[in-house]
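Single-structure report; data block below.
The values are calculated or read from the model by the stated rules, or taken from the named source; none is laboratory data. Note that the structure is a prediction, hence the values are computed from the model and not measured. Here the Cβ is made from the backbone with ideal geometry for all residues, glycine too, and neighbour counts use every protein chain on show. All accessible areas refer to the heavy atoms of the entire protein, side chains included, with ligands and DNA or RNA removed. Shrake-Rupley method; radii C 1.70, N 1.55, O 1.52, S 1.80 Å.
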Amino acid sequence: MNSPTTTPTVAQRLLAPSRWRAWEIAAWLLIWAAPIALPQHAALINEIAILALFALSLDVILGYAGIVSLGHAAFFGLGAYGAALFAKHVMPDPLVGLAVGTLLGGLLGALTSPMIVRGTDLTRLMVTMGVALVLLELANKFDDLTG
């Protein structure tokens with residue numbers, strides 16, 4: 001039976017140097033090597049990475065921030081539209097487009113967060129869904145720009 005003094009805390013476990021296991025490092029190396037080793041499947045690998053990033057964003061907002069959201073896709077979508085339009089009209093560099101998309105998503109978060117964090121969980125659900133629906137309608141109305 002473990003006593004309270006021998007059980008490591010969450011912070012100690014996160015900071016422990018042996019946190020990474022050998023199979024985890026091998027899995028990440030395979031993931032990073034997949035587009036190079038399988039160039040014919042690069043589009044599929046790209047889609048998987050995008051959906052994994054989207055799932056991770058929901059995990060961060062729900063797990064760490066504790067905010068239940070129905071509209072976190074709005075931030076993801078605005079960043080994607082911003083990066084695509086930047087690449088089409090300004091500069092096609094993907095890293096600069098990634099920075100532009102990140103800045104736009106962060107700017108939308110900074111503008112909408114005062115509304116989102118004020119209420120209860122039900123209010124947050126409705127406000128986040130409302131923000132997403134407003135952005136969806138904007139994307140539909142400006143179809144000459146968004147395609």
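At-a-glance table
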quantity: Zone of residue 70's modelled label, taken as backbone nitrogen in segment 125-139 under 18 Å from a point 7 Å along Cα→Cβ; calculated: 125-138
quantity: Where N is the number of residues in segment 43-115, Cα Rg divided by 2.2 N^0.38 Å; calculated: 1.17
quantity: Over segment 1-88 - Rg/Rh using Cα atoms and the Kirkwood inverse-distance radius; calculated: 1.12
quantity: At least 24 Å along the helix axis (C-alpha) and Kyte average at least 0.0, DSSP helices within the chain; calculated: 42-59, 94-116, 121-141
quantity: For segment 76-130: rounded, prolate or oblate by the Cα gyration tensor [a/c cutoff 1.5]; calculated: prolate
quantity: Accessible-area composition of the chain, carbon plus sulfur, in percent [1.4 Å probe]; calculated: 74
quantity: Å² per residue, accessible surface of segment 1-133 at 1.4 Å; calculated: 75
quantity: Three principal axis lengths of segment 11-147 [C-alpha, angstrom, descending]; calculated: 48, 41, 21
quantity: Loop-located chymotrypsin sites (Phe, Trp or Tyr not before Pro) in segment 54-147, at most 14 other Cβ atoms within 10 Å (DSSP); calculated: 142
